[in-house]
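To keep things clear, I will list the structure first and then write my remarks on it.
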């Protein structure tokens, strides 16, 4: 059995307002043509917002791209706008958004050698990217206007010892989302630690683990864990969940993944953002029967952060729709702003960052004190671990 170096407290303790320190509010450096940050300049923020609203109007009546008869169509028309979204963004927003890993870097037009299906996926994803850029432009306007309450809602601290997650996970939670940066071994240790603590808190409650990392043909409840499953990505987690009496349910649909997210296809025409959301939709369909059969169970979802982050389009928590949910995000330094543009304006105090870097076993905890800005921030609790490289 996996060995733990500390005893787990069974009682749930609510976090205190004194948790950690406030995050810092950052300003974006001037990058092009004297780019100036508008934080704290109310008139400039209002002027930018009004200007952006005016430029967004043409999109409402934007024509759909022509559709070839051979292209598979949803709802009778190919969902793709033909205009250049970048022209609707301010220079500051364009810089932040286009440098975010959240948005696909796609070729501007379908290639001549694409199949009809590939053309459809390309254009569909282009539309999703375009709409999400506009969504994020409006969000960034909101962030600049409300940076003080948003920053005040976050607290951050260096964690020098093992984390008692029961201090943070609500007693009445029904869905617990664990989103990770892939290929970081210490994150799997944190996931196993959470499973152990959950089983300690609820020794008799049915707990079911859903995961992206196994096919939806895999269901492990009784009997030994199959060898090929033990050797898969996350195999040590499935073995440990099995020891704890926690069934493991794969949710990934292999044919859909091959269509939407195969690296060879993605390199050709870019489908990551839309593919992630469409996979989420398929996963929730697979999860529903378990949810209906076990209404009192605690469901743990272990997947990539792009699936569990509440700020992403058609994310898992939004699709599941369970209000009694909690999101824990695991990442490594430097990745928050890469995936969530809000974190261009929110940062770690330098003294905490330096302390965190002193010891590879230290972790950086970021806590949202209430759910008001959850759709902007993306998580309830963030755990930053050291990059193993």
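Nothing in this text is a laboratory measurement; each read-out follows from the coordinates by a stated rule. A quick note: this is a predicted structure, and the numbers were derived from the prediction, not measured. Because the Cβ atoms are built from the backbone with ideal geometry, glycine has one as well, and the counts that use them run over all protein chains shown.
Here are some notes:
- For the stretch 130-256, Kirkwood radius (reciprocal of mean inverse C-alpha pair distance, Å): 17.5 Å
- Euclidean distance of C-alpha centroids, the stretch 205-240 and the stretch 146-179, integer Å: 27 Å
- Placing dummy labels 7 Å off each Cα toward the beta-carbon, the span from residue 200 to residue 338 is 3.3 nm.
- Listed by Cβ neighbour count within 10 Å, with the fewest neighbours leading, 90, 382 appear as 90, 382.
- Counting all C-alpha pairs of the stretch 156-384, share separated by more than 22 Å (%): 53 percent
- Cβ crowding within 10 Å, taken as a proxy for footprinting-reagent exposure, orders 200, 276, 313, 217 from fewest neighbours to most as 217, 200, 313, 276.
- Peptides 352-364, 221-233 ordered by packing proxy, namely the average of other Cβ atoms within 10 Å per residue, highest first: 352-364, 221-233.
- Residue order, fewest to most surrounding Cβ atoms within 10 angstrom, among 154, 176: 154, 176
- In nm, spacing of pseudo-spin labels at residue 372 and residue 160 (7 Å Cα→C-beta vector): 3.3 nm
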